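The structure appears below as structure tokens.
The values are calculated or read from the model by the stated rules, or taken from the named source; none is laboratory data. Being a predicted model, the structure only gives us computed values, none of them experimental. Cβ: placed from backbone, ideal geometry, glycine included. Neighbour counts: every protein chain shown. Heavy atoms of the whole protein, side chains included, go into the accessibility calculation; ligands, DNA and RNA do not. Shrake-Rupley method; radii C 1.70, N 1.55, O 1.52, S 1.80 Å.
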Amino acid sequence: MPNFSALAGIVRGIILALPDELFVGDVYLFGSILNSSSPNDIDVLLVINEDIVPPAEAYKLSMPLSKAIEVQVNLKLDLTILTRTELEKSKFVALVNALLIRTQSSRSPPSCQMR
Amino acid sequence: MPNGKNSWDIGYSEIVFFTNALNAHQAVDHFARTEDIVFDISRLGRSSLRVVLVSEYRLGEAAAYRAIQEFPGIQVIVNSGNWNAVVLDRNSFRRQTKVEVLPLKNFLGALNDPDFCA
């Protein structure tokens, strides 16, 4: 299990504390937030189940979550939204070593080790 | 939205790179930039194109639909950035929306094709 920065741990906690209704998909962190103590922004990956959330509606539906994270963390959020099919095809999570914060259906994320 | 600001985090250097590529392209007669990242391109002996330039780590359907909704009338979404990629099913998306989605390097080649967005 890789180590992530203390800041990533703080952001993880903030995201986990947000209301359930904001989560329209699985949420990952990736990019400099995982390794840096002073990132310029937060890279967030949202993975939607395209059978439940139409891709054409995904950005609009994700706006409350994006805004809530930006306000709480006080960093600009750079949001990438993929369907489950696109994620599987692209292997993006493995490629960028993204950290799963929470799934849409569960508030219990996998454990991860923080530095 | 006038030139100078966009909600897609496309920086000035990316816009300059793209405009320089269009200026040098043998198939491009002239073009106009609006809304900072939308390009109306007139091609020599080929159809005109309305193109939006984005820069997504991984460009999927959600982002593509967002571009279509924000910039009505676009025919092509071009994804710049050497480390970025298009991950949606381009053929399926084209059938659904009549919009082409391409990485930048493929778009510059497609500009030569008279059947592209004909």
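Structure values in brief
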| read-out | value |
| --- | --- |
| Leading residue by the ranking (farthest from B:Ile10 (Cα to Cα)) among those in segment B:30-55 that are open to solvent by less than 50 Å² (accessible area, probe 1.4 Å) and in a loop (DSSP other than H, G, I, E, B) | B:Ser47 |
| Candidates A:Ala94, A:Ala68, filtered to the one that is free of Cβ contacts under 8 Å to residues at least 24 places away in the same chain and of a type in the set (A, V, I, L, M) | A:Ala94 |
| Selection from segment B:70-118 of residues that are farther than 21 Å from A:Leu82 by Cα and of a type in the set (Phe, Trp, Tyr) | B:Phe107, B:Phe116 |
| Scope segment B:56-97; condition surrounded by fewer than 20 Cβ atoms within 10 Å (Cβ to Cβ), in contact with a helix residue (DSSP H, G or I) (Cβ under 8 Å, 6 or more places away or on another chain) and among the polar types (S, T, N, Q); matching residues | B:Gln69, B:Thr97 |
| Candidates B:Gly73, B:Gly60 - the one that is of a type outside the set (Phe, Trp, Tyr), away from chain A (no Cβ under 14 Å) and over 15 Å from B:Ile10 (Cβ atoms) | B:Gly73 |
| Some residue of segment A:15-23 being surrounded by 18 or more Cβ atoms within 10 Å (Cβ to Cβ) and under 29 Å from B:Ser92 (Cα atoms) | yes |
| Tally of residues being of a type in the set (Gly, Ala, Ser), open to solvent by 10 Å² or more (accessible area, probe 1.4 Å) and within 23 Å of A:Pro55 (Cβ to Cβ) across segment A:24-34 | 1 |
| Filter result (over 17 Å from A:Val24 (Cα atoms), of a type in the set (A, V, I, L, M) and either within 14 Å of chain B (Cβ to nearest Cβ) or touching a helix residue (DSSP H, G or I) at 6+ places or on another chain (Cβ under 7 Å) (or both)) within segment A:66-108 | A:Val73, A:Leu75, A:Val93, A:Ala94, A:Leu95, A:Val96, A:Ala98, A:Leu99 |
| Candidates B:Glu70, B:Glu61 - the one that is among the charged types (D, E, K, R), more than 21 Å from B:Asp115 (Cβ to Cβ) and touching a residue at least 40 places away in the same chain (Cβ under 8 Å) | B:Glu70 |
| Positions within segment A:87-97 being under 16 Å from the mean Cα position of the chain (by Cα) and surrounded by 16 or more Cβ atoms within 10 Å (Cβ to Cβ), in sequence order | A:Leu87, A:Phe92, A:Val93, A:Val96 |
| Selection from segment B:7-22 of residues that are of a type in the set (A, V, I, L, M, F, W, C) and away from chain A (no Cβ under 14 Å) | B:Ile15, B:Val16, B:Phe17, B:Phe18, B:Ala21, B:Leu22 |
| Unmet criterion (only one of (1) more than 30 Å from A:Ala58 (Cα to Cα); (2) at pLDDT 95 or above) for B:Gly45 | (2) |
